[in-house]
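What follows is a short report on a single structure.
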Amino acid sequence: MIVSRLDSADGYAEKVFGMPEALDFLRRPDLAALPDGRYELPGGLFATVQRYSTAAAPEGGPRFEAHRKYTDIQFIVSGAEVIGVAPLKAMKVEEEYDEARDICFGAVAAGAWRPVELAAGSLAVLGPSDAHAPKMAAGAPAPVLKVVVKIPA
């Protein structure tokens with residue numbers, strides 16, 4: 001996992017395949033005005049623009065997800081959220097891997113994951129070895145505009 005501000009993420013461009021194309025998209029001047037949906041990018045990448053409200057972590061802990069085919073770059077355009085992050089090996093799979101959607105879901109024991117707060121302008125790079133639980137409130141539940149860029153792993 002990598003956590004960075006967009007304005008200082010160029011140092012990772014040579015280390016992560018597809019990062020230059022992802023950063024170019026995330027730096028579009030009209031990014032905040034794009035409608036929700038999927039956007040195809042060069043090199044087999046795609047981005048999803050999402051607007052939602054964050055929520056408090058559930059009583060029994062957040063629902064984690066993991067991917068095999070793609071690395072996520074989760075970028076907060078506006079608002080803030082907490083993403084729970086854990087090593088994939090710490091996740092107990094509760095919903096088997098769906099190859100068509102490239103996702104499986106599970107639980108991570110309390111104390112085995114850490115919260116990562118992302119504010120506007122921040123991003124997290126989450127690879128196939130990172131289980132993650134996005135969309136948790138950073139304080140009170142609030143609206144977020146997020147772009148997730150999917151990079152083939």
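Can Gly18 be described as among the small types (Gly, Ala, Ser), touching a residue at least 40 places away in the same chain (Cβ under 8 Å) and at positive phi?
yes
Here are some conditions: (1) in contact with a Pro (Cβ under 9 Å, 6 or more places away or on another chain); (2) among the aliphatic types (A, V, I, L, M); (3) in a strand (DSSP E or B); (4) touching a residue at least 60 places away in the same chain (Cβ under 8 Å). Ala57 meets all but one. Which one does it not meet?
Here Ala57 meets the rest and fails (3).
What do you reckon, is Ala131 touching a Gly at 6+ places or on another chain (Cβ under 8 Å), in a strand (DSSP E or B), aliphatic (A, V, I, L, M) and over 25 Å from Leu6 (Cβ atoms)?
no
So, in region 103-126, how many residues would count as being in contact (Cβ under 8 Å) with a residue 60 or more places away in the chain and either buried (at least 17 other Cβ atoms within 10 Å of the Cβ) or part of a strand (DSSP E or B) (or both)?
Counting residues in region 103-126 that are in contact (Cβ under 8 Å) with a residue 60 or more places away in the chain and either buried (at least 17 other Cβ atoms within 10 Å of the Cβ) or part of a strand (DSSP E or B) (or both) gives 7.
Please state which of the following conditions Asp130 fails to meet, knowing it meets all the rest: (1) farther than 17 Å from Gly60 by Cβ; (2) at pLDDT 95 or above; (3) out of contact with any helix residue (DSSP H, G or I) (no Cβ under 9 Å at 6 or more places or on another chain); (4) surrounded by 15 or more Cβ atoms within 10 Å (Cβ to Cβ).
(3)
Conditions (1) hydroxyl-bearing (Ser, Thr, Tyr); (2) on the phi < 0 side of the Ramachandran plot; (3) at pLDDT below 95, marked per residue:
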| residue | (1), (2), (3) |
| --- | --- |
| Gly11 | no, yes, yes |
| Ala32 | no, yes, no |
| Asp36 | no, yes, no |
| Glu40 | no, yes, no |
| Val49 | no, yes, no |
| Thr54 | yes, yes, no |
| Phe64 | no, yes, no |
| Gln74 | no, yes, no |
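Just one of Asp72, Asp98 is within 20 Å of Lys150 (Cβ to Cβ), of a type outside the set (Ser, Thr, Tyr) and loosely packed, with under 12 Cβ neighbours inside 10 Å; which is it?
Asp98
If Leu23 passes every condition in (1) at pLDDT 95 or above; (2) more than 17 Å from the chain's Cα centre (by Cα) but one, which one does it miss?
(2)
Within region 69-81, identify whether any single residue is in contact (Cβ under 8 Å) with a residue 60 or more places away in the chain and among the acidic types (Asp, Glu), and answer yes or no.
Checked region 69-81: at least one residue is in contact (Cβ under 8 Å) with a residue 60 or more places away in the chain and among the acidic types (Asp, Glu).
Can you name every residue in region 51-101 that is within 16 Å of the chain's Cα centre (by Cα), under 15 Å from Ala153 (Cβ atoms) and of a type in the set (Ser, Thr, Tyr)?
Tyr70, Thr71 - these are the residues of region 51-101 that are within 16 Å of the chain's Cα centre (by Cα), under 15 Å from Ala153 (Cβ atoms) and of a type in the set (Ser, Thr, Tyr).
Ala100 fails exactly one of the following numbered conditions: (1) of a type outside the set (Ser, Thr, Tyr); (2) part of a loop (DSSP other than H, G, I, E, B); (3) under 17 Å from Gly61 (Cβ atoms). What is the number of that condition?
Status for Ala100: all satisfied but (3).
The values are calculated or read from the model by the stated rules, or taken from the named source; none is laboratory data. These numbers were taken from a predicted model, which means no experiment stands behind them. Glycine gets a Cβ as well: all are built from the backbone with ideal geometry, and neighbour counts include every protein chain shown.
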